[in-house]
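The values are calculated or read from the model by the stated rules, or taken from the named source; none is laboratory data. Treat the numbers as computed from the prediction; the structure is a model and nothing was measured. With ideal geometry, Cβ positions are generated from the backbone for all residues, glycine too; neighbour counts draw on all protein chains shown. These accessible areas exclude ligands, DNA and RNA; they are computed on the full protein's heavy atoms, side chains included. Shrake-Rupley method; radii C 1.70, N 1.55, O 1.52, S 1.80 Å.
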Amino acid sequence: MDIATLLGIGGAFLLIAISIVIGGSPGAFINIPSILITVGGGLSAGMAGFPLGEFVNGLKAITKAINPGMPDPIETVDFLFDIAKKARKEGILALEADIDAFYARDPFFGDIMRMLIDGLEIEEIKSSAESSMARIDQSLSTEVSVWETLGDLFPAFGMIGTLIGLIQMLQNLSDPSALGPGMAVAMITTLYGAILANSLCIPVSRKLKYYKDMRLLYLEAYILTAEAIEKGLNPNILKQKIAGLLGVEVKEG
């Protein structure tokens, strides 16, 4: 679990809430029409920009920002090193006994190793893997894009709500006592949009992008492993290559 995501987003909303309570009149910051315009409008416009299924999956991807399920990089280096070491010592066909473990770790890796064990040429394996990698990249990029889009739309609809509120306020210029409350309500939608964008959407989109890039690095490491096994590369050399790719330091084993 990525505790930083929970602490960051939760802390941002908590500090805003505390500031509102300390300032007094927290009820003044609750306005149903403003919520409908900002949240409802932003979500509706965001939905219009994506196929429905991809938009819904993008919203659900917030769970990946909290619990990405990424393997430990050092453990991954050791895992791939052991596979290469076994293949070099016992032969590629010896990996057949571990195929279920490969799929359990990552279906992408399982597919690569299945093709390698079946004797496909490495160029054919890499071509198939890169096609799968491109599909994964597109899917993950769409999830990031959904949250980036919402980060743009919520403030925009907040401004729309403010303009609506200002127009309604100007209709009551004959009543000076209504100007102050009217202005406060008009500004709430802008506040809602700014809070949602900066405390939720932008952090989530950046975290999803970070994990998307990490996921692609792991896929690249799997391809490197298959290539190294097929070419009979020294496992220690492979270990250092993967460690460099994943940004960790390991000792030769």
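Of all residues in the stretch 200-222, those that are surrounded by 17 or more Cβ atoms within 10 Å (Cβ to Cβ) and within 21 Å of Ile117 (Cβ to Cβ) total 4. Screening Ala97 on (1) without any contact (Cβ under 8 Å) to a residue 40 or more places away in the chain; (2) open to solvent by less than 40 Å² (accessible area, probe 1.4 Å) shows it passes everything except condition (2).
Once the stretch 23-60 is narrowed to residues that are closer than 20 Å to Asn198 by Cβ and among the aliphatic types (A, V, I, L, M), the residue that is most open to solvent (accessible area, probe 1.4 Å) is Ile30.
Just so you know, in the stretch 108-139 the residues that are polar (S, T, N, Q) and under 24 Å from Gly46 (Cα atoms) include one that is surrounded by the most Cβ atoms within 10 Å (Cβ to Cβ), and it is Ser139. Taking the stretch 1-108 as the region of interest, the helices (runs of 4 or more DSSP H) fully inside it that hold 2 or more residues being at pLDDT below 90 and either aliphatic (A, V, I, L, M) or within 30 Å of Gly158 (Cα to Cα) (or both) are 3-23, 32-35. Figure legend. Inter-residue proximity from the stretch 223-251: first residues surrounded by fewer than 18 Cβ atoms within 10 Å (Cβ to Cβ), second residues part of a loop (DSSP other than H, G, I, E, B) and at pLDDT below 90, beta-carbon distance below 6 Å, spacing 6+ or different chains. Indicated pairs: Asn236/Glu252.
Every listed requirement among (1) free of Cβ contacts under 8 Å to residues at least 24 places away in the same chain; (2) open to solvent by 50 Å² or more (accessible area, probe 1.4 Å) is met by Arg105 save one, (1). Checking each residue in the stretch 195-218 for being in contact with a helix residue (DSSP H, G or I) (Cβ under 7 Å, 6 or more places away or on another chain) and of a type in the set (D, E, K, R) picks out Lys207, Lys209, Lys212, Arg215.
Can you pull out the residues in the stretch 152-172 that are within 27 Å of Leu52 (Cα to Cα) and open to solvent by less than 30 Å² (accessible area, probe 1.4 Å)?
Just the residues of the stretch 152-172 that are within 27 Å of Leu52 (Cα to Cα), to begin with: 152-161.
Within the stretch 152-172, Phe154, Gly158, Gly161 meet the criteria.
For the stretch 196-253, which residues satisfy the criterion of being more than 23 Å from Glu123 (Cα to Cα) and assigned to a loop (DSSP other than H, G, I, E, B)? Those that are more than 23 Å from Glu123 (Cα to Cα) and assigned to a loop (DSSP other than H, G, I, E, B): Gly247, Val248, Glu249, Val250, Lys251, Glu252, Gly253.
Candidates Thr149, Thr142: the one that is out of contact with any strand residue (DSSP E or B) (no Cβ under 6 Å at 6 or more places or on another chain), surrounded by fewer than 19 Cβ atoms within 10 Å (Cβ to Cβ), on the phi < 0 side of the Ramachandran plot and in a helix (DSSP H, G or I) is Thr142. Only residues that are at pLDDT 70 or above, of a type in the set (Gly, Ala, Ser) and touching a Gly at 6+ places or on another chain (Cβ under 9 Å): list them for the stretch 157-183, please. Selection gives Gly158, Gly161, Gly165.
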